[in-house]
Every structure is written in C-alpha cells, then in structure tokens.
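Structure first, commentary second.
The values are calculated or read from the model by the stated rules, or taken from the named source; none is laboratory data. Model, not experiment: these values are computed from the prediction. Here the Cβ is made from the backbone with ideal geometry for all residues, glycine too, and neighbour counts use every protein chain on show. Ligands, DNA and RNA are stripped out before the accessible areas are found, and what is left, the full protein with its side chains, is counted by its heavy atoms. Shrake-Rupley method; radii C 1.70, N 1.55, O 1.52, S 1.80 Å.
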Amino acid sequence: MASPQLNRKRGVLKEMPTVLVICEDTKSCRTYLGDAARHFRAFVSVEHCGRTDPIGIVKEAVGRKSRFDKVFCAIDRDSHETFDEAVALASMHTDKITLITSYPCYEIWLYFHFKKTRSPYVAAGAKSPGDLMVKDLQKLPEMNAYTKSGSVNLFEELLIKLPDGMTNADWALAEAAKDNERNPSTDLHFLLRYFETLGKLIQGVGIHQGDGCGH
C-alpha cells in the first residue's frame, strides 16, 4: 500500500495544470518565453507549431487543447490578414485557449523595458507595423544589436528591467482602454505573471521539475 505521503504527492501532481504556449516566431519570442518559464520554474511547454499566421496558430491550439489544461497563443497583430479570424475562433474556446496579443508585435514588450509609448505603428510602403517597431527598438542603445533570429539570453539580460516593463505594459493597456486603441500595447506581461504564479505553486508543494518540457 502506498504511504500517505506518496498519496498526497500523487494528489498534488493531479492538481498541477498542464500548459502549452504556442509562439508565432521560431526564435526571439519563443526563446524569450522559454527562458522566462525556466527562470520562474514554471513547468510549461513553449513551442512553435510551424505556422506564423494567427489563424494557423489558433487552429493548432484548438487541435491540441484536449491534451492541456491551458493553451496560450502568443500572436502579433502586425499586418496579419487572419488576425480577426483568429480572435473569433479563440473566443469560441475560452475554456482552454487564451490569446496573448501584441500590437504591433512582440518587440513592443522589449521596448517597454526602457520607454513608454502610445504612438501607433502603421504600415509605411513595404514596411509593416512590426518592421517599424523593430526599427525603433534597435534605436535604443541597449538594443541596437537586436535581431529576430540572432538574439539570445534576452530574458536574462533584461531581467533587471522587468519591473519597468511590467509597469509600462500595464500603463499602455490602461491608456488603450481609454482610447479604445490597442496599438501599441501587449499582453505578454500577463503570461510572465502566470509563469511566476505557476512556479510558486509548484515550488510550494515541492514537485520536482524535469527537463523534458519542450522549452
């Protein structure tokens, strides 16, 4: 017969949510969120599903949601033609699926670590709103070497600025609600707060975390 202690541990294990995060890009955002999850000791899977369009990402989430307690889709507004369709589809599956949206793109979250802004990003010629956001990010002395494909260790490097990022992201969403305009703003800080909460929950019950979690 299993010991009472083992039974308690088994009961706790059943209470831990299984969490999947699907990212739009294969490099920068996925790497950042994977590093953030490890920092907070949150046992989640951070993946790229092979699709970069919002509707493709949400469809992937719908197809896999039965295997997870929570599925987060980190998507950019940018100039994606299927963004509204993706939002509509996700709204039909709010029991499991949560959108983490960035206007115009994930890089606005990095920018908020250093500065506030409510200047909207609008496509100009061949440059998408996301392209223009990345250009502004690279103007910051601390981020002048940033590239989507080549940036590593960003979470660790920006950790000291995380409180500023959180404060500025909260401010941008509050202003967005007043203006009824999300551009620019992001929900990424909500996901990081969830990682932190989940990590504290897991640590609080003393569950060992393995390495095979798909970060």
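Some notes on this structure:
- Of the criteria (1) open to solvent by less than 50 Å² (accessible area, probe 1.4 Å); (2) in contact (Cβ under 8 Å) with a residue 60 or more places away in the chain, which one E156 fails: (1)
- Scanning segment 33-52 finds no residues that are without any contact (Cβ under 8 Å) to a residue 40 or more places away in the chain and crowded, with 19+ Cβ neighbours inside 10 Å.
- Residue count for segment 22-80, restricted to those that are in a loop (DSSP other than H, G, I, E, B) and of a type in the set (S, T, N, Q): 3
- In segment 177-188, the residues that are touching a residue at least 40 places away in the same chain (Cβ under 8 Å) reach residues that are assigned to a strand (DSSP E or B) and of a type in the set (G, A, S) with C-beta atoms within less than 9 angstrom, at least six apart or across chains, in these pairs: P184/S102; S185/S102; T186/S102; D187/A74; D187/S102; L188/A74; L188/S102.
- Scanning segment 75-109 for residues that are open to solvent by 10 Å² or more (accessible area, probe 1.4 Å) and among the small types (G, A, S) gives S79, A88, S91.
- Top-ranked residue in segment 110-153 [being assigned to a helix (DSSP H, G or I) and without any contact (Cβ under 8 Å) to a residue 24 or more places away in the chain; ranked as surrounded by the fewest Cβ atoms within 10 Å (Cβ to Cβ)]: P141
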